[in-house]
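Written out below as structure tokens is the structure these notes cover.
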Amino acid sequence: MGLAALPRGLGGGWARLRGLTGRPGGTPARPGGAAAPAAPLLWPRGAARPRGEGTSPAAAPRRREVTLTGPRYGVRRRPFRALSGRDLAAFERLVPGRAVTDAEQLAPFNVDWLRSVRGCSKLMLKPQTTAEVSQVLRYCYERNLAVNPQGGNTGLVGGSVPVFDEIILSTALMNKIISFDKVSGILVCQAGCILEKLNEYLEDQGFIMPLDLGAKGSCHIGGNVATNAGGLRLLRYGSLRGTVLGLEVVLADGSVLDCLTSLRKDNTGYDLKQLFIGSEGTLGVITAVSILCPQKPKAVNLAFLGCQSFAKVLETFTTSRAMLGEILSACEFMDEKCMELVERHLKLSNPLTGSPFYVLIETSGSDSTHDADKLNNFLEQAMTSGLVADGTVATDAKKIKTLWSLRERITEALTHDGCVYKYDISLPVGKLYDLVMDMRARLGQSAKNVVGYGHLGDGNLHLNITAESYSHFLLDAIEPYVYEWTARHKGSISAEHGLGFKKKQYIHYSKPNEAIFLMQRFKAMLDPKGILNPYKTLPTSSEGNMH
């Protein structure tokens, strides 16, 4: 059955949408009846491509050369040793056949996928084992060579690419599953395993990964852990700080920290793995992960709803949380501007029209009849009370994927709208959209679009501002105002993307000086030469202003 049983007595709105989402193949009808075409993405050869990132060649923006990060942001290179012929020969011995020096092959790994920052690394190493990572880092530490750990390169704050000529240490070949225990649901794997591949493997065992991201087709689990990625399932399964049970990490001097436990309870001393979760590769290189995985739900439903105000979006969320309880697995919102962008730039079809806000509510459970009854009761309440003006429900996997793409591909649509200024903000849920409205009023015609979307369940707003081209004037109007606004409302300037290169100088808006000083002491203790992912995460007084 492609469409969940609809509440009785809800009128023509739901009946009309039954035919829309019930089309064969799971593709919503476009205006005029044509199906949205599938189209390839024009992407740099060899670059890590976030899953679901695709557009037609006609819609692809003209490629532009990305300005080098150092000169653009006025960053001064630290006194690391430059790569020599002796070093290249040593690395070829350590990782034979897996030391990449060709400029064309290196190009996509020197640029973030937003094409906003660019380094000039002359070497990428691709180890396959923890021992090889250890040998590489030991050599780099002795020679004072800076290292940029890199997973799938899907980060959004410039944390995964070099700033200057740091050696790129790729985990792409560290993609082995070490073990999976079906009784406990604990997976142990190397850090370079792609999130989607792990999920496919687990689904065959009757389990799933506890996190889900739009970039799942490219991002690595090690990178997810290193950035403490949040994603779409956090409402149901919590953050990686709870689901990651153990880590294996190689420190800056090449020593291996083996905390790869598969125990859910271990209360012996300090929980060291927490230091590396969210550390963005600045304290050590994660080489293996032990993670607790939930069982695969037997019944999944997805409701796509239209609301006439953000106040009704909030009430829809609180009502869903109360009425759906344990089966509520995701609750996302997006404004009409987001939908306009995915329709215009990606040629996707919005099955609903005429609503200023849209909400995606997913349920996951073990009993389809029980879940359908609960969802139907919620939808009836939402419709009859006027919270929801229109909506559609999908239960078929293909149709669910089609509806999810409207939310997951917003980031991609924004990249086709011009220069994007991205902000990943955590706020009290009631204040989420106030910042979007404030920024629209503040920027006026100087911005092309100001849009908001994100995770209602955990108070995470993705504020995005587009312009035809990069502008110092516009950036000065946005920053630090957006961070001051966030701090004033007791929020965080980075909910899930991390600080990377772009946000490190603004950490004081979310953390007190005492906390920042302690972080710097941890960094100095674990990486005294500062070779691991330099210029990232922690602020320095000597590297200039991010403007």
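So the values come out like this:
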read-out	value
Principal-axis tilt of helix 310-324 within the chain, Cα atoms, nearest 10 degrees	90 degrees
Listed residues ASP438, ASP390 arranged by accessible area, highest first, probe 1.4 Å	ASP438, ASP390
Only Lys, Arg (+1) and Asp, Glu (-1) charged, at Cβ; the chain dipole about Cα centre in debye	740 debye
Cβ-based net charge around ASP271, under 13 Å, with every Lys or Arg adding one and every Asp or Glu removing one	+3
Links that overshoot a 30 Å alpha carbon limit, given the list LYS176/LYS490; LYS502/LYS529; LYS312/LYS448; LYS265/LYS298	LYS176/LYS490
Residue-normalised accessible area of segment 354-489, expressed per residue, 1.4 Å probe, Å²	34 Å²
Separation in nanometres of the label points that stand 7 Å from Cα toward Cβ, at ALA131 and THR67	4.7 nm
SER84 versus ALA103: modelled label distance in nm, points set 7 Å from Cα along the beta carbon direction	2.4 nm
Rounded to the nearest 10 Å², the accessible area of THR384 at probe 1.4 Å	100 Å²
Solvent-accessible surface (1.4 angstrom probe) belonging to ASP212, in square angstrom, nearest 10	20 Å²
Solvent-accessible surface (1.4 angstrom probe) belonging to TYR470, in square angstrom, nearest 10	80 Å²
Dipole magnitude (debye, nearest 20) for segment 459-519, charges at Cβ of Lys, Arg, Asp, Glu	200 debye
Length released on extending from ALA397 to ASP434, taking residue separation times 0.36 nm less the Cα-Cα span	9.9 nm
Members of LYS216/LYS296; LYS216/LYS504; LYS431/LYS523 lying beyond 23 Å, as alpha-carbon distances in this model show	LYS216/LYS504; LYS431/LYS523
Solvent-accessible ranking of TYR237, TYR483, largest area first, probe 1.4 Å	TYR237, TYR483
Computed [θ] at 222 nm, helices only, for the chain once each DSSP H run of length n ≥ 4 contributes -39500 (n - 2.57)	-9000 deg cm²/dmol
Environment charge at LYS448 (Cβ cut-off 9 Å; Lys +1, Arg +1, Asp -1, Glu -1)	-2
Furthest towards positive pole of dipole, SER170, LEU156, LEU198, structure part segment 130-215, Cβ charges	SER170
Integer Hz, Karplus 6.51/-1.76/1.60 couplings in order for segment 262-277, x for Gly and Pro	10, 9, 7, 10, 7, 10, 9, x, 6, 8, 5, 4, 5, 5, 8, 5
Approximate spin-label separation HIS472-GLN520, in nm, with each point projected 7 Å along Cα-to-Cβ	2.8 nm
Carbon plus sulfur fraction of accessible area for the chain, probe 1.4 Å, in percent	53 percent
Rounded FRET efficiency, nearest 0.05, which uses the C-beta distance separating SER446 from ASP258 and R0 of 56 Å	0.60
Sequence of THR171, THR353 from largest to smallest accessible area, 1.4 Å probe	THR353, THR171
The chain: relative contact order as a whole-number percent, Cα under 8 Å and 6+ apart	17 percent
Test item: Cα-centred dipole of segment 400-480, Lys/Arg +1 and Asp/Glu -1 on Cβ, debye	220 debye
Counted charge near PRO210, where neighbours are those whose Cβ lies closer than 12 Å (Asp, Glu -1; Lys, Arg +1)	+3
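The values are calculated or read from the model by the stated rules, or taken from the named source; none is laboratory data. Keep in mind that this is a model prediction, so the values were computed, not measured. So basically every Cβ, Gly included, is an ideal-geometry build from the backbone, and we count neighbours across all protein chains shown. These accessible areas exclude ligands, DNA and RNA; they are computed on the full protein's heavy atoms, side chains included. Shrake-Rupley method; radii C 1.70, N 1.55, O 1.52, S 1.80 Å.
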